[in-house]
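The structure under discussion appears below in the form of structure tokens.
FYI, it's all coordinate maths here, none of it is from the lab. The structure presented is a predicted model; accordingly, all values stated were derived computationally and were not measured. Cβ atoms come from the backbone with ideal geometry, glycine included; neighbour counts cover every protein chain shown.
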Amino acid sequence: ATDSEVVLDLCGRRLKRLEKAPANQAFASALVLDNNQLQNLANLDSYGELERLSIASNQIVRMYWFARMYSLRILNLPNNNIANIEGMRELAHVIHLNLAGNHLKSIEGLSYNSKLEHLNLAGNYITHINDLSMLKSLRELFLHRNRLGSLYRCSKYLPSSLIILTLSDNNVSDLNDLSNLSQLNNLEQFTILNNPALEPLQPTDEGGNPVGPLLAFDYRPYVINWCLNLKVLDGYKVTPKERTPSLS
């Protein structure tokens, strides 16, 4: 919290509904409601000055509650039951949105959030990446632990402003898909571990029977070849040797 931020902390109080803001709290700039049992946020707009709102680990299903919170800059909603991104059209000032650990299957409803810098969608059920090219300020996109099977059209759909992108623990099966990331000239940190494309190969005989031990391969040079400005790959720094492999 900053010196000027007026924070109302209602964490862990077993709240099932949000009461209307008392007169002396209506001007709070930050409201923290983590670890409650909230589903109904009908009185949320009585806190009309909120710039930061955190409702992590509750039972929120819909996002339309936030549609009139025009001053919001930070919206933190991980570990709820949200199935669709909605109610964001008028939230023009949001720079940080965390929807990790929800029930999302697609990335939609963010076309008007051009100031968004941080978007966390990890731990959902997302199967493909929609067009996010309008998010010109997006610097951090977290998509690990989803169900992404392909990076098709990512060369057009991902904004070149990205500095951090996480795709580990998905279903990407073709390493050639990484060529779709070559336009991300500002990408410095990237994860791709635990995808089928990186699984060790099992040698087989002519009959298709397994023969010998699994063959692991070093995928890092391949990734670095496409992401030329990468500094950290899967938690390990990219070394000068990796960046300029020997020609011999």
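Quick notes on this structure:
- Legend: ranking of residues S161, S4 from fewest to most surrounding C-beta atoms inside 10 Å; resulting order S4, S161.
- With θ taken as phi - 60° and the Karplus curve 6.51 cos²θ - 1.76 cosθ + 1.60 applied, the whole-hertz 3J(HN,Hα) list for the range 72-78 is 4, 10, 10, 10, 10, 10, x Hz, x standing for glycine and proline.
- Residues with amide H under 5 Å from that of L8, placed H, sequence gap 5 or more: A30, L31, V32
- For L38, the residues 5 or more places off, or on other chains, whose built amide H falls under 5 Å of its own are Q59.
- Rounded to 0.05, the FRET efficiency of the Q202 and N225 pair, given R0 = 25 Å and the Cβ-Cβ distance, is 0.50.
- The stretch between S179 and R153 holds 8.3 nm of extra length on full extension. This uses 0.36 nm per residue minus the Cα-Cα distance.
- Contour excess over end-to-end distance, with Cα ends at V232 and N186 and 0.36 nm allotted per residue: 15.3 nm
- In order along the range 93-103, phi translates into HN-Hα couplings of 9, 5, 10, 9, 10, 10, 10, 5, x, 10, 10 Hz, rounded to whole numbers, per the Karplus curve 6.51 cos²θ - 1.76 cosθ + 1.60 with θ = phi - 60° and x for Gly and Pro.
- Shown for R62, R17: other C-beta atoms within 10 Å of each C-beta, ranked fewest to most, produce the order R17, R62.
- Local electrostatic count, N194, Cβ distance below 14 Å [Lys/Arg +1, Asp/Glu -1]: -1
- Across the range 198-209, coupling constants 3J(HN,Hα) worked out from phi with the 6.51/-1.76/1.60 Karplus curve, θ = phi - 60°, read 9, 5, x, 8, 9, x, 10, 8, 4, x, x, 8 Hz, and Gly and Pro carry x.
- Residue order, fewest to most surrounding Cβ atoms within 10 angstrom, among W226, W65: W226, W65
- Sequence-distant lysines (8 or more away, or on other chains) whose Cα lies within less than 30 Å of K105: K16, K115, K136, K156
- Net charge of neighbours whose Cβ lies under 12 Å from the Cβ of V32, counting Lys and Arg as +1 and Asp and Glu as -1: -1
- Bridge type composition, the chain - antiparallel percent by DSSP, nearest 5: 15
- Principal axis box of the range 186-248, alpha-carbon based, largest edge first, Å: 46, 30, 16
- Counted by Cβ distance under 11 Å from N225, the other residues give a net charge of +1, where Lys and Arg count +1 and Asp and Glu count -1.
- Efficiency of FRET between R62 and N24 - r from beta-carbon atoms, R0 41 angstrom, step 0.05: 0.90
- Rounded to the nearest 20 debye, dipole of the chain from Cβ charges on Lys, Arg, Asp, Glu: 500
- Backbone N within the range 109-152 under 19 Å of label point (7 Å from Y70 Cα along the Cβ vector): 112-116
- The region of the chain that goes longest without hitting one of the GluC sites (Glu not before Pro) in a DSSP loop, each with at most 11 other Cβ atoms within 10 Å, is 20-205.
- Of all the options V94, V211, V32, the one that moves most in a Gaussian network model of the chain with Cα springs shorter than 10 angstrom is V211.
- C-alpha center-to-center spacing [the range 61-114, the range 187-248] in angstrom: 35
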